[in-house]
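Below is one structure; the comments refer to it alone.
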Amino acid sequence: MLRFRWETEFKETEIGEIPREWEVRKLGDNRFFKILPSGIKEFEGFKEYLSTSSVEGSEIVKIEEVITYDKRPSRANMQPVENSVWLARMINSPKFLKANKDLIENKILSTGFLGIQTKAKETCDYLFYYIQTREFQEYKDAFVTGAVQESLTNESAKDLLVIIPPLPEQSRIATVLSWFDDLIEVKKRQNEILEKTAMAIFKSWFIDFEPFRDGEFVYSEELGKEIPKGWEVKRIIDLSGIVSGRGRYLIEASEGIYPLWGANGVLGYIDNYDLEGFSIITGRVGTLGNVFLVEGKFAISDNVLCIIPHQDFWVFFLFLWIKSQIDFESLNVGTSQPLITKTALVNQPLIFPPSPILQSFHSLIEPLFQKIILNQKQIMTLRKIRDTLLPLLVFGKLRVEEV
């Protein structure tokens, strides 16, 4: 049975009020923590290398490269170990990892991460959430040093203060917050399966032409392949409008209403929206190749492009085509960082079948995408609840008495 209570008795500490029986400890206190040095043990075979750009929030969004011990980059020099958490050293860089089995066995991290090993598993689970709070991130950033690139060193990290509840309460706090993360992960996996199913149908219809093989085919010079007779070759601009986002400021999760989408997904929530209805979002600068289907009222950041189909029943076809058939790397014109232009994207060619075929395809896969959209909305709700509870729990305002 889950039971909470609001705390009423606090004591003053160097980092604010905390419950009377809680403690404050430095990360340099080796009774609780160990700041992990760089330097990895020799390994055989291959490992996946993660830089700080591989992570958004607490999610791995890409693998930097697959490496061997003798051919690894010089910065690939941090080895995840049991009961460790990892955060980006750089200022204004909220990125976090916890060492699960996959991270320990298969990953090597960049020296851009600070590793903290804890004596107790309960502390590791609790610390993983504590370091994600906005309050800790702002506090951490006050300790960064460096003239060229400001970052947190191992030595300066030792002076960072951490609020420490008793071990049983650390466990209860982490358990409650992990429930939300587990539910989110289940719904994300459901969406992956649903999208793979929709993609398989799409490829069968519009790449392999399996339902149409008995018909006549003609050669398309533009696509360099035969396509069913009566089908056309169009460009994305013929089927949709396209807009880019602008710089936005996030507000507190509990106050925000509308999701703000960036090139790696939802960045947070704001109090107004730019767009409404079904749209397709992809990265414009920095991160290329991610493609998201969104629905409802939302806003977009300045590093994305948003494609808005002229007809509702084109949206799933367009989404799947853009996601599977466009080579974003070939469109990259950036020098210091990846960049694609509106013009390059909207002029990409695509097969365009007759309207009755598109309507039939839309009807076939619409239930899959309706479930995906429902899961997306539930994921956003779960994240908002978790993000609202997070500071209340780890700073002791709301106490978890029983789980």
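The values are calculated or read from the model by the stated rules, or taken from the named source; none is laboratory data. Since the model is a prediction, treat every value here as computed from it, not as a measurement. Neighbour counts run over all protein chains shown; Cβ positions are idealised from the backbone, glycine included.
Of everything in segment 43-72 that's of a type in the set (Ser, Thr, Tyr) and under 26 Å from ALA263 (Cα atoms), which residue is surrounded by the fewest Cβ atoms within 10 Å (Cβ to Cβ)?
We begin by selecting, within segment 43-72, every residue of a type in the set (Ser, Thr, Tyr); these are 49, 51-54, 58, 68-69.
Okay, now just the ones that are also under 26 Å from ALA263 (Cα atoms), so 49, 51-54, 58.
Working: TYR49: 19, SER51: 20, THR52: 21, SER53: 16, SER54: 22, SER58: 18.
Once the filter is applied, the top-ranked residue is SER53.
So which residues in segment 324-348 are closer than 25 Å to LYS196 by Cα and either of a type in the set (S, T, N, Q) or modelled with pLDDT of 95 or more (or both)?
Scanning segment 324-348 gives SER324, GLN325, SER330, GLN348.
Just name the residue that is surrounded by the fewest Cβ atoms within 10 Å (Cβ to Cβ) out of those in segment 284-320 that are aliphatic (A, V, I, L, M) and closer than 19 Å to ILE201 by Cα.
Pass one, segment 284-320, residues aliphatic (A, V, I, L, M): 285, 288, 291, 293-294, 299-300, 304-305, 307-308, 315, 318, 320.
Adding the requirement that they be closer than 19 Å to ILE201 by Cα leaves 291, 293, 315, 318, 320.
Numbers: VAL291: 18, LEU293: 22, VAL315: 24, LEU318: 24, LEU320: 25.
The residue in question is VAL291.
For segment 196-249, name all the residues that are part of a loop (DSSP other than H, G, I, E, B), surrounded by 15 or more Cβ atoms within 10 Å (Cβ to Cβ) and modelled with pLDDT under 95.
GLY245, ARG248, listed by residue number.
Taking the options SER171, SER156, name whichever one is touching a Ser or Thr at 6+ places or on another chain (Cβ under 8 Å) and part of a helix (DSSP H, G or I). Give the steps one after another, and end with the answer.
Values: SER171 fails: touching a Ser or Thr at 6+ places or on another chain (Cβ under 8 Å).
On inspection, the qualifying residue turns out to be SER156.
If you go through segment 49-67 one residue at a time, how many are in contact with a Gly (Cβ under 8 Å, 6 or more places away or on another chain) and at pLDDT 90 or above?
Counting residues in segment 49-67 that are in contact with a Gly (Cβ under 8 Å, 6 or more places away or on another chain) and at pLDDT 90 or above gives 2.
Does segment 34-42 include one or more residues that are closer than 25 Å to GLN170 by Cβ, buried (at least 17 other Cβ atoms within 10 Å of the Cβ) and in contact with a helix residue (DSSP H, G or I) (Cβ under 9 Å, 6 or more places away or on another chain)? Give the steps one after another, and end with the answer.
Of the residues in segment 34-42, the ones closer than 25 Å to GLN170 by Cβ are 34-36.
Checking the rest, the ones that are also buried (at least 17 other Cβ atoms within 10 Å of the Cβ) come to 34-36.
Filter once more, so that each one left must be in contact with a helix residue (DSSP H, G or I) (Cβ under 9 Å, 6 or more places away or on another chain): 35-36.
Yes, the conditions are met somewhere in segment 34-42.
Return yes or no: is GLY45 touching a residue at least 24 places away in the same chain (Cβ under 8 Å) and either assigned by TED's automatic domain parsing to the domain that holds LEU152 or in a strand (DSSP E or B) (or both)? Full working, then the answer.
Numbers: touching a residue at least 24 places away in the same chain (Cβ under 8 Å): no; either assigned by TED's automatic domain parsing to the domain that holds LEU152 or in a strand (DSSP E or B) (or both): yes.
Criteria not met by GLY45.
Being surrounded by fewer than 19 Cβ atoms within 10 Å (Cβ to Cβ) and among the charged types (D, E, K, R), is that true of even one residue in segment 73-86?
Within segment 73-86, one or more residues are surrounded by fewer than 19 Cβ atoms within 10 Å (Cβ to Cβ) and among the charged types (D, E, K, R).
So is ILE108 more than 28 Å from PRO165 (Cβ to Cβ), in contact (Cβ under 8 Å) with a residue 12 or more places away in the chain, not in a loop (DSSP other than H, G, I, E, B) and not hydroxyl-bearing (Ser, Thr, Tyr) or not? So that I can check it myself, show each step before the final result.
Numbers: more than 28 Å from PRO165 (Cβ to Cβ): yes; in contact (Cβ under 8 Å) with a residue 12 or more places away in the chain: yes; not in a loop (DSSP other than H, G, I, E, B): yes; not hydroxyl-bearing (Ser, Thr, Tyr): yes.
Against the criterion (more than 28 Å from PRO165 (Cβ to Cβ), in contact (Cβ under 8 Å) with a residue 12 or more places away in the chain, not in a loop (DSSP other than H, G, I, E, B) and not hydroxyl-bearing (Ser, Thr, Tyr)), ILE108 qualifies.
So GLU366 passes all but one of these: (1) surrounded by 14 or more Cβ atoms within 10 Å (Cβ to Cβ); (2) farther than 24 Å from ASN290 by Cβ; (3) not aromatic (Phe, Trp, Tyr). Which condition number does it fail?
Going through the list (1) surrounded by 14 or more Cβ atoms within 10 Å (Cβ to Cβ); (2) farther than 24 Å from ASN290 by Cβ; (3) not aromatic (Phe, Trp, Tyr), GLU366 breaks only (2).
Among what's in segment 137-153 and is in contact (Cβ under 8 Å) with a residue 12 or more places away in the chain and touching a helix residue (DSSP H, G or I) at 6+ places or on another chain (Cβ under 7 Å), pick the residue that is surrounded by the most Cβ atoms within 10 Å (Cβ to Cβ). Spell out how you get there, then give the answer.
Within segment 137-153, the first condition is being in contact (Cβ under 8 Å) with a residue 12 or more places away in the chain, and the residues that meet it are 137, 139-141, 143-144, 149-153.
Within this subset, residues satisfying the condition of being touching a helix residue (DSSP H, G or I) at 6+ places or on another chain (Cβ under 7 Å) are 143, 152.
Numbers: PHE143: 16, LEU152: 21.
Restricting to residues being in contact (Cβ under 8 Å) with a residue 12 or more places away in the chain and touching a helix residue (DSSP H, G or I) at 6+ places or on another chain (Cβ under 7 Å), the top hit is LEU152.
Quick one: PHE292 ticks every box in (1) over 17 Å from the mean Cα position of the chain (by Cα); (2) under 25 Å from PRO367 (Cα atoms) except a single one, so which number is it?
(1)
Any residue at all in segment 65-76 that is within 29 Å of PRO391 (Cα to Cα) and either outside the structural domain of GLN149 (by TED's automatic domain parsing) or not in a strand (DSSP E or B) (or both)?
Within segment 65-76, none of the residues are within 29 Å of PRO391 (Cα to Cα) and either outside the structural domain of GLN149 (by TED's automatic domain parsing) or not in a strand (DSSP E or B) (or both).
Just to verify a result, which residue in segment 262-283, among those that are part of a loop (DSSP other than H, G, I, E, B) and touching a residue at least 24 places away in the same chain (Cβ under 8 Å), is nearest to MET199 (Cα to Cα)? Don't jump to the end; show me each part of the working.
Here is the first cut: in segment 262-283, the residues part of a loop (DSSP other than H, G, I, E, B) are 263-264, 271-274, 277-278.
Still in the running and touching a residue at least 24 places away in the same chain (Cβ under 8 Å): 263-264, 272-274, 277-278.
Working: ALA263: 21, ASN264: 20, ASN272: 33, TYR273: 30, ASP274: 29, GLY277: 22, PHE278: 18 Å.
The residue in question is PHE278.
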